[in-house]
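Read the structure below first, then the notes.
Laboratory data are not the source of any read-out in this text; all were calculated from the coordinates shown. The model shown is predicted, which means the values in this text are computed figures rather than measured ones.
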Amino acid sequence: MRALYFKYLYLLGAVPKRRPKKRAAFVSRAEIIKFDRYQEQFQYLMKNRIETADQLSMQYDALQASIDALTDQRRELYRIRRTGHGGGTVTDEITGLTAKLRELRRELKLCARIEKGFSAVQETVRADTSEARSVIHEKTDKSGPQRHFETGRRTPADHGRER
């Protein structure tokens, strides 16, 4: 999965190639946003060492379990604060838990976006790869007779054929 995203970013031009190409003067805002999202997804996959869809699913489940546990813990703190016990320390703990929950929910949404967009990325890479193969095949295809049009002579590929 990580390799697929790396290849897709390479095809999009995020990974520097040997020679830098001149960029177009104008790139639409939607394309830039899409590009940034793919980069963010790739960085997340690299950071968490996610290679397969199963590992991504396990990460999603682990995040969901953490969110559920922290939500229950925060709910209990809200109950304690409502009863008037604990004072200001409870409010600080609630604030800390809320910040952790915000980050975990952001990661959860990112995992969901990766899982949702995985098939589209896979199809795009597959199509681009097959297109590149067909171009290479066209360049190396020697199936037809090749003649020198200026001289009318046959090429070595035509040797032994009748005119």
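Report the gain in length on full extension from A120 to T91: 0.36 nm times residue separation, minus Cα-Cα distance, nm rounded to one decimal. Could you put the intermediate results ahead of the total?
Numbers: separation 29, 0.36 × 29 = 10.44 nm, distance 4.41 nm.
The span from A120 to T91 would gain 6.0 nm if fully extended.
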**Asked** Each residue of the range 88-103 in order: what ³J(HN,Hα) in whole Hz does its phi give by Karplus 6.51 cos²θ - 1.76 cosθ + 1.60, θ = phi - 60°, with x for Gly and Pro?
**Response** x, 5, 5, 5, 5, 5, 4, 4, x, 5, 5, 5, 5, 4, 4, 5
**Asked** For the range 106-118, what does the Karplus curve 6.51 cos²θ - 1.76 cosθ + 1.60, with θ = phi - 60°, yield as ³J(HN,Hα) per residue in whole Hz, taken in order and with x for Gly and Pro?
**Response** 5, 5, 4, 5, 5, 4, 5, 5, 5, 5, 5, x, 4
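With all pairs of different alpha carbon atoms counted, what Kirkwood hydrodynamic radius in Å does the range 67-128 show? Walk me through the numbers before you get to the answer.
Values: mean 1/r = 0.0712 Å⁻¹.
So the Kirkwood estimate lands at 14.0 Å.
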**J(HN,Hα) series, the range 54-68, from Karplus relation 6.51 cos²θ - 1.76 cosθ + 1.60, nearest Hz, glycine and proline x** = 5, 5, 5, 5, 5, 4, 4, 5, 5, 5, 5, 5, 5, 4, 4
